[in-house]
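Quick note: the coordinates plus some simple rules give every number you see, no bench work behind them. Only a predicted model underlies this, so the values are computations on that prediction, with no experimental measurement involved. A quick note on method: Cβ atoms are made from the backbone with ideal geometry, for glycine too, and the neighbour counts reach across all protein chains shown.
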Amino acid sequence: MKRLVIGYIFFNRKLGKDEKFFIKEAKKKKIDLILINLEEEIDEKKILEKIKYCDIIYNNSAEQFAIEIVKTIEELGKKVIDSSKTYYYTEDKWMFYLKCKESGIPTPETSLLSENINEIEKELLIFNHFPVILKRIEGTCGEYVEKANTPKQAIKIIKKFWKKGSERLPIIAQEFIKSPSYRVTVIGGKIVQTAIKKNKGSWKSTGVYEKKFQKFKVDKELKKIINKVIRVMKINVCGIDLLKKDNQWKVLEINSTPGLDFFKNEREMLVGKILDLLKKKAKRK
């Protein structure tokens, strides 16, 4: 019987912990894993050679370049989890907000700001949520995310974003909700892990520098919200970040390549579940 062959996209100079776990679990499950490292120079011919015998490909890189590689692989006729179509909402915070509002998914109030610096102050006064969170429409790990207490402070932050970035990406204003960030990890439509992310001494709740995490219980209302997000976004593997406002859930964002390292003793289990999902998806082709 032919062994399942899975392509695995990542971006690193050397094998990270995720890669080592995927290699280990694939071996246990008798799956052949072909590593596609985007840190190396890979042109279209090399990609085609790498994916030739793959039954399915898993993308575990959040790099912008990885999205183009996913699109390329799809054009070459191979199935990728998750599809490049999911990035339309997961990588653009404004489009994600619009999709949530359209679908009746509770989310923080958000406004897309003008590129005209003279208009932004007026827009912020109309938005009227101070303190206000300013974010570029793209960004990870809390980068290009700051809080402003006044319109003048907001203008200063926006100018800093424009000066710092290599390109002037659109910026959104979002209501500030004082809350920890609640992470729900979903694989194949099932909630497989929860974690409360807190940053000591900071209003940001990205959890990037946090060492210890706590689990939390998923109530009926949250389960309904999560199921709706998954159905609307059509995504297989993701991390959903939520906040609580007046004891009501608000969906902050969705991450297409979620961190698997919140709880070290569960990392192997999560990798195993992803491989099981890929096995099912490969059979449905």
remark   = With label points set 7 Å from each Cα along the Cα-to-Cβ direction at Lys27 and Lys217, the distance between them in nm comes to 4.1
query = Straight-line reach from Lys78: which aspartates and glutamates have Cα under 12 Å away, leaving out those fewer than 8 places along the same chain?
reply = Asp55
query = Which whole-number percentage describes the relative contact order of the chain, with Cα contacts under 8 Å and a sequence gap of 6 or more?
reply = 18
query = Taking Rh as the Kirkwood radius, which is the inverse of the mean 1/r over Cα pairs, what is the Rg/Rh value for the stretch 79-193?
reply = 1.00
note = Given 53-61, 222-230, the highest-first ranking by average Cβ count within 10 Å works out to 53-61, 222-230
note = Per the Cα gyration tensor, the stretch 51-137 corresponds to an equivalent ellipsoid with semi-axes, largest first in Å, of 36, 14, 10
remark   = Flagged as over-length at 28 Å C-alpha distance, from Lys27/Lys85; Lys85/Lys250; Lys2/Lys224; Lys135/Lys220; Lys93/Lys279, the pairs are Lys27/Lys85; Lys2/Lys224; Lys135/Lys220; Lys93/Lys279
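Stretched out fully, how many nm does the piece from Lys279 to Lys264 gain, at 0.36 nm a residue minus the Cα gap?
On the way: separation 15, 0.36 × 15 = 5.40 nm, distance 2.40 nm.
Between Lys279 and Lys264, full extension yields an extra 3.0 nm.
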remark   = With a 32 Å threshold on alpha-carbon distance, the violating pairs from Lys14/Lys101; Lys24/Lys46; Lys99/Lys281 are Lys14/Lys101
query = Once the Cα atoms of the stretch 109-175 are picked out, what are the Rg and Dmax in Å?
reply = 10.6, 30
request  = Normalise the Cα radius of gyration of the stretch 5-81 by 2.2 N^0.38 Å (N = residues in it) and let me know the number.
outcome  = 1.02
remark   = Placing one equal point scatterer on each C-alpha of the chain and summing with Debye, one gets log10 I(q)/I(0) at q = 0.09, 0.12, 0.16 Å⁻¹ equal to -0.47, -0.82, -1.32
note = Expressed in nanometres to one decimal, the distance between label points 7 Å along Cα→Cβ at Ile117 and Leu15 is 5.1
query = Which value at 222 nm does the chain reach when only helices count, each DSSP H run of 4 or more adding -39,500 (n - 2.57), with the total divided by all residues and rounded to the nearest 500 deg cm²/dmol?
reply = -11000 deg cm²/dmol
request  = Take the Cα atoms of the stretch 1-149, find their three principal axes, and give me the spread along each one in whole Å, biggest first.
outcome  = 64, 32, 30
request  = Describe numerically, in nm with one decimal, the distance between label points set 7 Å from Cα along Cα→Cβ at Arg168 and at Asp43.
outcome  = 3.6
